[in-house]
Amino acid sequence: VNRVVLDSLPIEAKEMPIEEAKKMGATALFGEKYGSIVRLVKMGDYSLELCGGSHVTSTSQVGAFKIISEGGVAAGVRRIEAVTGLEALDYFANKEKALEEVAVILKSSPSDIVKKAEALVNELKTSQKEVENLRNKLVRSSADDILSKVVHVKGIKVVTARMDELDMDGLRNMGDTLRNKLGSGVVALATGNEGKVNF
């Protein structure tokens, strides 16, 4: 992306017929919103826009400038939204305050929060793997206990169990383990978590 330093470009604004503005190269993004007479705002040789109005006479009066959103509005046309002047300074102050609050939560300094966050994410991933391994061990050891309670209904092996300590993934894994060990039969498992019952 080319960066243009706009130290102090003059801003010219004048009203004219929309066709004349288009001939000068101005782009009408929302044609249906313009009347026959439009306001054309020119900023040096960099920008020629149809605009509702200009509030400064030179780009130096804008001061700080921060783009807060960007998106497509038409084929080959992008729209940016920004804050300027005191509002931009407020925006930066709020971001800095949020950064400091996150640093306190992470027990770190603002300059080290990225490293701290990465370390915590890695630690969480490791812990999740350990939990998953323990859950799998629980499933394997519980499977034998559950199979010891198999009943026969008209010649069909039936296994039922309630396992509230398992989530749906754990319940599926247990079902697969029991099915493989049981061979032929019916397995019905249930879990109740957070007021929901799953089978």
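The values are calculated or read from the model by the stated rules, or taken from the named source; none is laboratory data. Here the structure is a predicted model, which is why all the values come from computation and not from measurement. A quick note on method: Cβ atoms are made from the backbone with ideal geometry, for glycine too, and the neighbour counts reach across all protein chains shown. Side chains included, ligands, DNA and RNA excluded: accessible areas come from the protein's heavy atoms. Shrake-Rupley method; radii C 1.70, N 1.55, O 1.52, S 1.80 Å.
Applying the Karplus relation 6.51 cos²θ - 1.76 cosθ + 1.60 with θ = phi - 60° to region 91-100 yields 3J(HN,Hα) values of 4, 5, 5, 5, 5, 5, 4, 4, 4, 5 Hz, where x marks Gly and Pro.
Tell me the net charge near Ala13. Cut-off is 11 Å between Cβ atoms, Ala13 excluded, with +1 for each Lys or Arg and -1 for each Asp or Glu. So the environment of Ala13 carries a net charge of 0.
Under 18 Å between alpha carbons, and skipping anything fewer than 8 positions from Lys42 in its own chain: which lysines qualify? Cα-Cα hits under 18 Å: Lys14, Lys22, Lys23.
When a/c reaches 1.5 or more, the comparison of a/b and b/c decides; with that in mind, is the chain rounded, prolate or oblate per its Cα gyration tensor? Prolate, since a/c reaches 1.5 and a/b exceeds b/c. Only beta bridges with both residues in the chain are counted; by DSSP, about 80 percent of them are antiparallel. For the chain, leaving out every one of the GluC sites (Glu not before Pro) that falls in a DSSP loop and has at most 13 other Cβ atoms within 10 Å, the longest unbroken run is 1-164.
With respect to the chain, whose longest principal axis is taken over its alpha-carbon atoms, helix 168-182 is tilted by about 30°. Surface listing: Val186, Val159 arranged by accessible area from highest to lowest gives Val186, Val159, probe 1.4 Å. Counting only Cα atoms, the size of region 49-143 along its three principal axes is 77, 39, 16 Å, in decreasing order.
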